[in-house]
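*Asks:* Below is one structure. I have some questions about it.
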């Protein structure tokens, strides 16, 4: 029998703090009516890994762990699975941890580029030998 407590941290890559990036939640109840605009549900992506992100968002944004919702990051739309929500990270804010469901194309390129910033390039590693 294993005497170690279970490790619930299953992230493949470590999270990296980034300059905050504005995001918009695309929630199922945000369907536009004929004459009404859906409410804006915004947040700020504050950390990132190749598999997910941490998003600071107002407490009144309703996203539950386990649900898949849409997320708009700049001109890109993607789907994310909500993994956790941590209240009280700031006045009226919570931190929502999400996992990318279908990270593809130009958004994936942007994520890879953001994670590569500040890390040694392959040439740097080869010169260090």
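All of the numbers you see were taken from the coordinates with simple rules; none came from a lab. Everything quoted here is computed from the prediction, not taken from an experiment. FYI the Cβ positions are ideal-geometry reconstructions off the backbone, even for glycines, and counts take in every protein chain you see.
*Asks:* Residue 24 to residue 42: extension gain in nm, 0.36 nm per residue of separation minus the Cα-Cα distance?
*Replies:* Numbers: separation 18, 0.36 × 18 = 6.48 nm, distance 0.43 nm.
Extra length available between residue 24 and residue 42 comes to 6.0 nm.
*Asks:* Can you put 108, 94 in order of Cβ neighbours within 10 angstrom, beginning with the fewest?
*Replies:* Working: 108 15, 94 20.
Sorted ascending by nearby Cβ count, the order is 108, 94.
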